[in-house]
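These notes concern the structure reproduced below.
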């Protein structure tokens, strides 16, 4: 069982932008290489942005994307908002990585509680399993 005490993870904001960009590109029948050509960038950069390996581009670049994708005002506004949220999420993820926060382990006979950056995970412990043999993996990047 998992109890998340913080609302939205920063990864979700980054993923929302990547999904919106892919959706808009696919709706227009554009391959990454074609959109990259229209933006005068190399395709691997666009691929890295869509796969969350690079942060969302800045405002000027987003405006170029809106033009290249021929977005109407509502779609452009949605892409701008998603990019703004993704940049904030990316900064938060970098901050969390730099902090190198080590989890605090708290245990009672029936559960193990792990707190990482204010996010609390409650894991039922297995009978006769020593606490130091439990491995919990916390991933910041969904890729």
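Assess whether residue 30 counts as being at pLDDT 90 or above, surrounded by 15 or more Cβ atoms within 10 Å (Cβ to Cβ) and in a helix (DSSP H, G or I). Walk me through it before giving the result.
Working: at pLDDT 90 or above: yes; surrounded by 15 or more Cβ atoms within 10 Å (Cβ to Cβ): yes; in a helix (DSSP H, G or I): no.
So residue 30 fails the test.
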**OP:** Test residue 14 against the stated conditions and say whether it is part of a helix (DSSP H, G or I), surrounded by 15 or more Cβ atoms within 10 Å (Cβ to Cβ) and modelled with pLDDT of 90 or more.
**Re:** no
Subject >> The listed residue being closer than 22 Å to residue 91 by Cα and modelled with pLDDT of 90 or more, out of 4, 79 >> reply: 79
**OP:** Give the residues of the stretch 37-72 that are out of contact with any helix residue (DSSP H, G or I) (no Cβ under 6 Å at 6 or more places or on another chain), more than 26 Å from residue 95 (Cβ to Cβ) and not in a helix (DSSP H, G or I), sorted by residue number.
**Re:** 40, 41, 42, 70, 71, 72
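The values are calculated or read from the model by the stated rules, or taken from the named source; none is laboratory data. Quick caveat, the model's predicted, so the values are computed rather than measured. Every residue, glycine as well, gets a Cβ built from its backbone with ideal geometry; the counts of neighbours run over all protein chains shown.
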